[in-house]
1. Answer yes if at least one residue in the range 268-276 is of a type in the set (S, T, N, Q) and more than 19 Å from the chain's Cα centre (by Cα), and no otherwise.
2. Just a yes or no: is a residue in the range 263-285 surrounded by fewer than 18 Cβ atoms within 10 Å (Cβ to Cβ), in a helix (DSSP H, G or I) and on the phi < 0 side of the Ramachandran plot?
3. Suppose the filter is touching a Pro at 6+ places or on another chain (Cβ under 6 Å) and assigned by TED's automatic domain parsing to the domain that holds Glu100; does Ala134 pass it?
4. Looking at (1) touching a residue at least 40 places away in the same chain (Cβ under 8 Å); (2) part of a helix (DSSP H, G or I), which one does Val246 not meet, given that it meets all the others?
5. Does Ala342 fit the bill of being crowded, with 19+ Cβ neighbours inside 10 Å, in a helix (DSSP H, G or I), touching a Lys or Arg at 6+ places or on another chain (Cβ under 8 Å) and modelled with pLDDT of 90 or more?
6. Could you list, in sequence order, all residues of the range 149-166 that are buried (at least 22 other Cβ atoms within 10 Å of the Cβ) and either among the charged types (D, E, K, R) or in a helix (DSSP H, G or I) (or both)?
7. Suppose we filter the range 18-33 for residues that are crowded, with 17+ Cβ neighbours inside 10 Å and farther than 26 Å from Asn129 by Cα; how many remain?
8. Filter the range 201-228 down to residues that are within 24 Å of Val386 (Cβ to Cβ) and assigned to a loop (DSSP other than H, G, I, E, B) and give me whichever is farthest from the chain's Cα centre (by Cα).
Amino acid sequence: MSYNKKSIEDIDVKGKKVIVRVDFNVPLDANKNITDDKRIVGALPTIKYLVSKGAKTILVSHLGRPKNGFEDKFSMKPTAVRLSELLGKSVIMASDVIGEDAKAKAAALKDGEVLMLENVRFHKEEEKNDPAFAKELSTLAEIYVNDAFGTAHRAHASTAGLADYLPAVCGYLIQKEIDIMGKALSNPARPFVAILGGAKVSDKIAVIENLIDKVDTLIIGGGMAYTFVKAQGYGVGTSICEADKVDLAKSLLEKAEKKGVKLLLPVDNKVGKEFNNDTESKTVASTEIPDDFMGLDIGPKSIELFSNVLKSAKTVVWNGPMGVFEFPNFAIGTKEVAKAVAESGAISIVGGGDSAAAVEQLGYADKITHISTGGGASLEFLEGKVLPGIDVLLDK
């Protein structure tokens, strides 16, 4: 996959109608108030640039998973209101996507004005990447900008299809993802350390296989570590363990050894009787998990081992928690790894979800080079997959 894509700065947008795929899929409460506007804030640099250059900006996004066409609870209206506040200028709201209202308002846009289309998933053609729908949507504009990294791994009409009909470039969010993640994977500063956590090996198989070819050290924690412990011939008690993936874990351990990659597993674990925060718990060696206990976090020796490796790292990629992060008593491993990543001084990339939450909650976000905005997209990026929403953009 080419990471050298044209961005909004590589084309002339003045007076042009520019349709921008943004990710405004924000959480709303029962009264349709936005409870977290991070994604809207993330799109501001691209929108402000286009406004400052006198473009006529048309924004398109999805919100939630509407099933039957227009549903008021999935309307983009609250996002247009919030964006108006953040921009300090009123954002025009269209009542449809490719209907009369959208077309009339797009045609009437003046330089520097911003129009928000209704939820693109009110049309089932969006997720089917229907060419007729993409073509109809493209008639609203002259240039297509993709700035929604979170949906770049899906080939939908508004994330990829538009590029068949309009010159396509990326906005600042996607440009940052490509620059930082692309460089980390193609030409990393070494030592390059990857930390993978989360519950299941099956979710991360492709990531592990791709990273074994690239990293110097691979650290595995979280629930998926127990499948590897089992593969080494030890009991895992009642810990989460994918029995059908034990052979695969064995072969990954062998592959790492052949390549001279250090694959580090927890050496000790905090284990509990039951799956809850207040369960009876103790710390045991990974080789001695009692039959009636389950691993819920990495132990202090593992924290020390992992942190020491991170001290000398020059590039770090982290995706997935080290334990049951939602239980405070078993969130210590994840928090300590977050601290070690932040203090490493390495180029650090944290992929969405619990890892990003840990870094943000602990106030380390400003010490991380890059927190990826897309969960699924960042995983597929780490798997070395071609992301359709990036692939369709014009090469420099």
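The values are calculated or read from the model by the stated rules, or taken from the named source; none is laboratory data. In this text, all values refer to a predicted model and were calculated from it rather than measured experimentally. Methodologically, a virtual Cβ is constructed for each residue, glycine included, from the backbone with ideal geometry; neighbour enumeration extends over all protein chains shown.
1. Step one: list which residues in the range 268-276 are of a type in the set (S, T, N, Q), which gives 269, 276.
From what is left, the residues that are more than 19 Å from the chain's Cα centre (by Cα) are 269, 276.
Yes; the residues of the range 268-276 include at least one that is of a type in the set (S, T, N, Q) and more than 19 Å from the chain's Cα centre (by Cα).
2. Checked against the condition, which is being surrounded by fewer than 18 Cβ atoms within 10 Å (Cβ to Cβ), in a helix (DSSP H, G or I) and on the phi < 0 side of the Ramachandran plot, the range 263-285 yields no hits at all.
3. no
4. Here Val246 meets the rest and fails (1).
5. So Ala342 fits the description; yes.
6. Phe149, Gly150, Thr151, Gly161, Leu162
7. Going through the range 18-33 one residue at a time, the tally reaches 1.
8. Asp213
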